[in-house]
Amino acid sequence: MNNKLQNALLADVAREAGVSTASVSRVLNRAPHVSKPLQARVEAAIAKLGYVPHGTARALASRRIGAIGVLVPTLDNPIFSTAINSLEQRLKRHDCRLLIATYRYDLDDELEALHTLVQQGVDGLVLIGHDHRPGILTTLKRRKMPFLTCWHGLHDADWPCIGFDNTAPATALAEHLLALGHSHLGVLSAPVTSNDRARARLQGFLKAAEQAGCPIPDSHVMTVEYGIAEGFQAFDALMQLQPRPTAILCGNDTLAFGVLLAAQAAGINVPQQLSVTGFDDLPQARFMTPALTTVAVPAINIGHGVADALIARIDGETSPHQQLLDAPLVIRGSTGPAPPAG
């Protein structure tokens, strides 16, 4: 939109509201000391005429574009959708919109997506996890672009983050099963390539079992894509392992849902014959039969926290370099004592 047309539309709004174009500009740019009656008249005229302020003009006036970019591996995983929704709703309070790009755990594609978002114009960026191409940080620093990572708890001087420790809760899950007498554990993990969260959880499972003197052999660790179907299909292979697992640690809830449904279809009683754990605490987890033992990932709090902290950084304020949130165990009916040997 050229400036001449933009000014003409601004004049239409002013004429409809019965005020000057300067008054309209003051309302649009949220200038201080604008009276509520003036704001109401201008906003009513804008709504009636369907006027959309020109982004470039507003950005020049306010030094903000009014958009935040987020790079997320996938929206297929419901826990990410929950966080993104929380982030978007909180950003609206700051008069910001969200631009979303997915990259399917392809870090080269993530780098390209970041370049696209920066070129389109954003005030700041949100990234998931700690695994990124070096070019990401180079671009952000060169552009002096405010950014935050989330979903991990790694301390790195170059990467400010709001997240949680993925390893500790995974360790606690395995320790919970070991305390129930399970010595033969199986693991169903999401792919760990380009996914520091999946690696951290797997490390937690393996570390706890190793320290308890019940190491999990490589044959008992299966890697599949995210999804209920993938968990369902992997169940048969897990049940063919020797020794057969009496408990299965899943890297996320969706895989655990698939395992629970497959066990039900196979006539295997959970938890009397098999214990199952997840990681996320999706809303469906408590309604499964039996309800799923899992880790409560603070997705909503991450979304809110990232929005507030990133806007603070954009406004030149300081915010903590690292903020760690709790991700507690939620013990439900899908875990119980190990069945008798034999």
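The values are calculated or read from the model by the stated rules, or taken from the named source; none is laboratory data. A quick note: this is a predicted structure, and the numbers were derived from the prediction, not measured. So basically every Cβ, Gly included, is an ideal-geometry build from the backbone, and we count neighbours across all protein chains shown. Heavy atoms of the whole protein, side chains included, go into the accessibility calculation; ligands, DNA and RNA do not. Shrake-Rupley method; radii C 1.70, N 1.55, O 1.52, S 1.80 Å.
Based on what the data block shows, is Ala263 more than 21 Å from the chain's Cα centre (by Cα), touching a residue at least 24 places away in the same chain (Cβ under 8 Å), surrounded by 15 or more Cβ atoms within 10 Å (Cβ to Cβ) and part of a helix (DSSP H, G or I)? Criteria met by Ala263.
Put simply, of Pro215, Pro243 the only residue that is in contact with a helix residue (DSSP H, G or I) (Cβ under 6 Å, 6 or more places away or on another chain), more than 30 Å from His132 (Cβ to Cβ) and surrounded by fewer than 21 Cβ atoms within 10 Å (Cβ to Cβ) is Pro215. Please tell me if Thr254 is part of a loop (DSSP other than H, G, I, E, B) and either open to solvent by 10 Å² or more (accessible area, probe 1.4 Å) or within 27 Å of Leu325 (Cβ to Cβ) (or both). Against the criterion (part of a loop (DSSP other than H, G, I, E, B) and either open to solvent by 10 Å² or more (accessible area, probe 1.4 Å) or within 27 Å of Leu325 (Cβ to Cβ) (or both)), Thr254 does not qualify.
If you go through the range 171-206 and keep only what is in contact (Cβ under 8 Å) with a residue 60 or more places away in the chain and of a type in the set (S, T, N, Q), you end up with Ser183, Ser189, Thr193, Ser194, Asn195. Of the residues making up the range 155-198, those that are closer than 15 Å to Asp131 by Cα, aliphatic (A, V, I, L, M) and surrounded by fewer than 17 Cβ atoms within 10 Å (Cβ to Cβ) number 1. Return the pair list, or none, for Cβ contacts closer than 8 Å from residues in the range 16-32 that are over 14 Å from Glu43 (Cβ atoms) to residues that are open to solvent by less than 20 Å² (accessible area, probe 1.4 Å) and at pLDDT 85 or above, at least 6 apart or on different chains. Pairs found: Ser20/Ala14; Thr21/Ala14.
When the range 17-43 is limited to residues that are more than 17 Å from Asp95 (Cβ to Cβ) and in a loop (DSSP other than H, G, I, E, B), the one that is most open to solvent (accessible area, probe 1.4 Å) turns out to be His33.
Matching residues to (1) open to solvent by less than 60 Å² (accessible area, probe 1.4 Å); (2) part of a strand (DSSP E or B); (3) under 17 Å from His94 (Cα atoms):
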residue: Thr294; (1), (2), (3): yes, yes, no
residue: Asn301; (1), (2), (3): no, no, yes
residue: Val306; (1), (2), (3): yes, no, yes
residue: Pro320; (1), (2), (3): no, no, no
residue: Ala327; (1), (2), (3): yes, no, no
residue: Arg332; (1), (2), (3): yes, no, no
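Taking the numbered list (1) open to solvent by less than 50 Å² (accessible area, probe 1.4 Å); (2) outside any loop (DSSP other than H, G, I, E, B); (3) hydrophobic (A, V, I, L, M, F, W, C) in turn, Leu206 passes all entries but (1). With respect to the conditions (1) in contact with a Pro (Cβ under 9 Å, 6 or more places away or on another chain); (2) β-branched (Val, Ile, Thr); (3) farther than 23 Å from Asn85 by Cα, Ile136 lacks only one, and its number is (1).
Within the range 218-235, restricting attention to residues that are acidic (Asp, Glu) and at pLDDT 95 or above, the residue that is least open to solvent (accessible area, probe 1.4 Å) is Glu230.
Hand me the list of strands (runs of 3 or more DSSP E) wholly inside the range 87-151 holding 2 or more residues that are of a type in the set (A, V, I, L, M, F, W, C), crowded, with 21+ Cβ neighbours inside 10 Å and modelled with pLDDT of 95 or more. Write out each step before concluding.
On the way: elements: 97-102, 124-128, 147-150.
In the range 87-151, the matching strands (runs of 3 or more DSSP E) lie at 124-128, 147-150.
Report yes if Val42 is closer than 21 Å to Gly66 by Cα and at pLDDT 85 or above, otherwise no. I'd like the intermediate steps shown before the answer.
Working: closer than 21 Å to Gly66 by Cα: yes; at pLDDT 85 or above: yes.
Spelling it out, Val42 is indeed closer than 21 Å to Gly66 by Cα and at pLDDT 85 or above.
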